[in-house]
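To start, the structure under review is shown below, and the notes come after it.
The values are calculated or read from the model by the stated rules, or taken from the named source; none is laboratory data. Keep in mind the model is a prediction, meaning the values are calculated, not measured. Using ideal geometry, Cβ is built from the backbone for each residue, glycine included, and neighbour counts are taken over all protein chains shown.
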Amino acid sequence: MRHVQSVFSRIFAVLCLSLLLTTAGQAQGLRGGTKQATRAPTPVDGIAAVVNKEAITVQEVNQQADRLSMELRSQRLPLPPRERLERQALEMLITERVIQQESKRMGINVNDQTIDAAIEDIARKNNATVAQIKAQLQRIGMSWASYRRQMARDITLDEVRTALASQIVRPSDAEVDAFLKEQAARKSSGLEPPKRAAPPPPPKPKAQPVPPLIMQLSQIFLSVPEGASPEKVTEVKKRIDDIRARLRRGESFEELAISQSDAPEAVRGGDLGVRPANGWPDLFVRYARNLQPGQISGVFQSPAGFHILKMVRRAGGQQAVPQPPPEPPKPVDPYKMPEGAVMEEQTKARHILIRTTTITNDEAAKARLEAARARIVEGQEPFEQVAKSVSEDASAPQGGDLGWVGKGQTVPEFEAAMDKLQPGEISEPVKSQFGWHLIQVQERRTEDVGDETRRAIARQMLFERRAAAQFDAWMQQMRLQAYIDNRMFRP
């Protein structure tokens, strides 16, 4: 294993923020779905539904419905009838069970240690401590237990999505070649709009320690099908502009989300939940960062369609500046590529890994590495021989060789330690989420990775076009294949 961070965990976040609700609307007969289910008498055994061999209790449904009710009340939104809340709660729990069962089949295990590591990573990326994250969540009324449950669901979903993406969404080299040729043809034909000179960036303010920014956002989203004609894109754009005009006239964001949005969270008034800024897609952060609670963004476009965001609550972060009048939305250019040479500093490195387990704790793993380092430094054995005999990484048979790695290709702790080393130098034991490492830098170089970068961008863009639809189809297939006995609501 190269400890390379997963690209798929960051891709298509705009379209996959609420996939736990993917099929809820249709299953409930809402917003164009099938015939609405009717409530059955309360099961005497307390079982609301059975998903394969796992039961969902009436108590779980009631607790989930209570949480939905509390969320709506905290946002001062009108409560739907209790039966509708219960239907939504049960559909969420069924979908969650299907994903959990499939994740177990895939061997995905999200334990407390995984959740702790994810929260620590979020805190680090937001230049904050875990205690500050807790304090900010408390300010906006979210309990730590609820946040950890949300993190567990998000991590499980992300792991399942990543595993599926690596199997079913694989743009071929021929497709990447065709995409790049199309991009070059567009450019040479003069069809691309002329580029405007970018204004000089404003001077950067001096860094000040601030609490991490945490936002609760809602959205109205209109999808644009892949390969849509210009006429179809114009039609969807006109619809979203009309919705934005109705919002300016004072109509309810939540009611318009329920009646107009194509997103699965529409049934909840468009609510996307609470996350630190680092947990939202960059595109969302760009348009929401300066919004005050209650304010609404302008219309903006992603590869999937058009969005309008509402800031429900926020805490921490830099003081938000008044939002300027919204500018006309600029079309997203999906063919933007770096031109010419792209120079990158690369490091040729190798490492030895000792994993931490219930048997080998941190102290024991670190001690083993210190002993291995002493053997290498004292000249008893070469690095590659020790790696072959000691390392618990997949690179061990190659003497721990990781090849040439660039910026961002290894986890932060590993990269930070590696960057401090001179060629030939061996690090002290370094801890990461995978265990404890010894790192040796062999060489450094500056390489032109322009062609590789353009191909990677093309492959990612092709992936983005397909990933959401593929995952949605997979989720529907999993529900169809599962044995689901819904005892609370009969069709």
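Against the criterion of being assigned by TED's automatic domain parsing to the domain that holds residue 71 and modelled with pLDDT of 75 or more, residue 162 does not qualify. In the set (1) modelled with pLDDT of 80 or more; (2) under 30 Å from residue 306 (Cα atoms), residue 29 fails one condition alone, (1).
For segment 249-259, does any single residue satisfy the condition of being charged (D, E, K, R), at pLDDT 90 or above and part of a helix (DSSP H, G or I)? Checking segment 249-259: at least one residue is charged (D, E, K, R), at pLDDT 90 or above and part of a helix (DSSP H, G or I).
Among residues of segment 214-262 being surrounded by 22 or more Cβ atoms within 10 Å (Cβ to Cβ) and of a type in the set (Ser, Thr, Tyr), the one that is farthest from residue 71 (Cα to Cα) is 261. Of the helices (runs of 4 or more DSSP H) lying entirely inside segment 354-465, the ones with 2 or more residues being under 21 Å from residue 344 (Cα atoms), of a type outside the set (A, V, I, L, M) and outside the structural domain of residue 121 (by TED's automatic domain parsing) are found at 412-419.
Selection of segment 78-99 for residues being surrounded by fewer than 19 Cβ atoms within 10 Å (Cβ to Cβ) and either out of contact with any Leu (no Cβ under 7 Å at 6 or more places or on another chain) or not in a helix (DSSP H, G or I) (or both) yields 78, 79, 80, 81, 82, 83, 84.
Exactly one residue out of 363, 413, 378 is of a type in the set (D, E, K, R), modelled with pLDDT under 95 and either under 14 Å from residue 442 (Cα atoms) or surrounded by 12 or more Cβ atoms within 10 Å (Cβ to Cβ) (or both), and it is 413. Every test in (1) at negative phi; (2) at pLDDT 50 or above is passed by residue 46 save one, and that test is (1). Apart from one condition, residue 119 fits all of (1) loosely packed, with under 14 Cβ neighbours inside 10 Å; (2) modelled with pLDDT of 85 or more; (3) within 20 Å of the chain's Cα centre (by Cα); the exception is (1).
The residues listed here are 137, 180, 217; of these, the one that is under 21 Å from the mean Cα position of the chain (by Cα), modelled with pLDDT of 75 or more and assigned to a helix (DSSP H, G or I) is 137.
Among the conditions (1) modelled with pLDDT of 85 or more; (2) within 23 Å of residue 477 (Cα to Cα), the only one that residue 86 does not satisfy is (2).
The lone criterion from (1) touching a strand residue (DSSP E or B) at 6+ places or on another chain (Cβ under 8 Å); (2) in a helix (DSSP H, G or I); (3) more than 17 Å from residue 272 (Cβ to Cβ); (4) touching a residue at least 40 places away in the same chain (Cβ under 8 Å) left unmet by residue 71 is number (3).
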